[in-house]
Amino acid sequence: QVQLRESGGGTVQPGDSLNLSCVASGRPRNLEAMGWFRQAPGEEREFVAVRSRRGMMFYADSVKDRFFVSRDNDKNTVYLQMKNLKPEDTARYYCATHADFWALVGGESVYWGQGTQVIVSS
């Protein structure tokens, strides 16, 4: 069993930056892929970014060049640095993990965090 806990959300203005963190605890074995998804009100959850244990990354087109995903494997932690935030980035951001990189990109995750809210508004 793996527990994921996100932190770092908040309310910011357009153009601002925000950093999210997610720590895996419990029995975090084989955290090959760790990543982020988001869900805006009334919308389906969508993929944001994922990073493999060895450093391979993949991003949604909507966040490419603005968001950066990093990991500290020793701390079982994944981060999401968000720059030049836009109102359309407003959503609840969820951390997820999977033993298979592309399965996580496709949204297949047994483990999900509770999410952290990000609001981008002027």
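The values are calculated or read from the model by the stated rules, or taken from the named source; none is laboratory data. The model shown is predicted, which means the values in this text are computed figures rather than measured ones. Glycine gets a Cβ as well: all are built from the backbone with ideal geometry, and neighbour counts include every protein chain shown. When the accessible area is computed, the model is the full protein with side chains, heavy atoms only, and any ligands, DNA or RNA have been set aside. Shrake-Rupley method; radii C 1.70, N 1.55, O 1.52, S 1.80 Å.
Brief remarks on what is shown
- In this structure Ser122 has an accessible area near 130 Å², from a 1.4 Å probe over the protein heavy atoms.
- Point-charge dipole on Cβ atoms (K/R +1, D/E -1) for the chain, about Cα centre, debye to 20: 380
- Between Pro14, Pro87, Pro41, the GNM of the chain built on Cα springs shorter than 10 angstrom shows Pro41 fluctuating the most.
- Backbone N under 19 Å from the Ser7 label point (7 Å along Cα→Cβ), restricted to region 53-80: 70-80
- Largest to smallest accessible area among Trp112, Trp102 [probe 1.4 Å]: Trp102, Trp112
- Cross-link partners of Lys75 among aspartates and glutamates (Cα-Cα below 18 Å; sequence separation of 8 or more within a chain): Glu6, Glu32
- Applying 1/(1 + (r/R0)^6) with r as the Cβ-Cβ distance of Ser17 and Met56 and R0 = 25 angstrom yields a FRET efficiency of 0.55.
- Neighbour-limited loop hits for trypsin sites (Lys or Arg not before Pro), region 1-79 (at most 13 other Cβ within 10 Å; DSSP other than H, G, I, E, B): Arg29, Arg53, Arg54, Lys64
- The chain: calculated mean residue ellipticity at 222 nm from DSSP helix runs of at least 4, using -39500 (n - 2.57): -1000 deg cm²/dmol
- Residue with peak Gaussian network fluctuation, the chain [Cα springs, cutoff 10 Å], from Gly55, Gly15, Gly42: Gly42
- Once both labels are positioned 7 Å from their Cα atoms along Cα-to-Cβ, the gap between Glu43 and Glu108 label points is 2.5 nm.
- Sparse-neighbour loop sites [GluC sites (Glu not before Pro); region 1-107; at most 10 other C-beta within 10 Å; DSSP]: Glu43, Glu44
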